[in-house]
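Enquirer: My questions all concern the structure below.
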Amino acid sequence: MKTRGSLALLTGMVLLLAACTSTSEPTPGPNLPAALVGVWVWEGESDDGVKVYMRAAALAGDRSGYEFGEHGGLLVRTAGWCGTPPLNWSNLEGLWDQIDDRRLEIHHAWRGEPREYQLEIISLSPRRLTCRERNGDGS
């Protein structure tokens, strides 16, 4: 009888654990800066402008990305303005600031001119950042 009760208890605990485990990526929240700090390299973009970045060890090679510093420092890796090979890659220095639990304000220079936009964080996990760039007018 004890074996049957133990088996029922074990089965119940497994079902409870499975119900509490989420397979979706977490949404951003109050700990956004801590989770965001580090290097993110471009992985792809959807037709509606959602960009996917994966965590990496460093900005390098032929992929754009961001390196978010702990205290608002920023490096933006980008290709030259032309977009035709061979591309010239560079890391642009800038700043980032958290607006709210889903948006960042991004500031950096681009071809000698200041560039400002927002990153809307759609999802953020330890390995994957999904976001959309927004201009100051919300577009």
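The values are calculated or read from the model by the stated rules, or taken from the named source; none is laboratory data. Note that this is a predicted model, so its numbers are computed, not measured. Cβ: placed from backbone, ideal geometry, glycine included. Neighbour counts: every protein chain shown.
Enquirer: Filter segment 54-73 down to the residues that are part of a loop (DSSP other than H, G, I, E, B) and either at pLDDT 95 or above or not hydroxyl-bearing (Ser, Thr, Tyr) (or both) and list them by number.
Expert: ALA57, ALA58, LEU59, ALA60, GLY61, ASP62, ARG63, GLY69, GLU70, HIS71, GLY72 - these are the residues of segment 54-73 that are part of a loop (DSSP other than H, G, I, E, B) and either at pLDDT 95 or above or not hydroxyl-bearing (Ser, Thr, Tyr) (or both).
Enquirer: Among residues belonging to segment 123-139 that are in contact with a strand residue (DSSP E or B) (Cβ under 8 Å, 6 or more places away or on another chain) and assigned to a loop (DSSP other than H, G, I, E, B), point out the one that is modelled with the lowest pLDDT.
Expert: The selected residue is GLY136.
Enquirer: Among the residues of segment 77-95, is there at least one that is within 19 Å of ASP62 (Cα to Cα) and among the basic types (Lys, Arg)?
Expert: Yes, because at least one residue in segment 77-95 is within 19 Å of ASP62 (Cα to Cα) and among the basic types (Lys, Arg).
Enquirer: Counting only residues that are modelled with pLDDT of 85 or more and surrounded by fewer than 16 Cβ atoms within 10 Å (Cβ to Cβ), which one in segment 108-122 is nearest to ARG55 (Cα to Cα)?
Expert: TYR117
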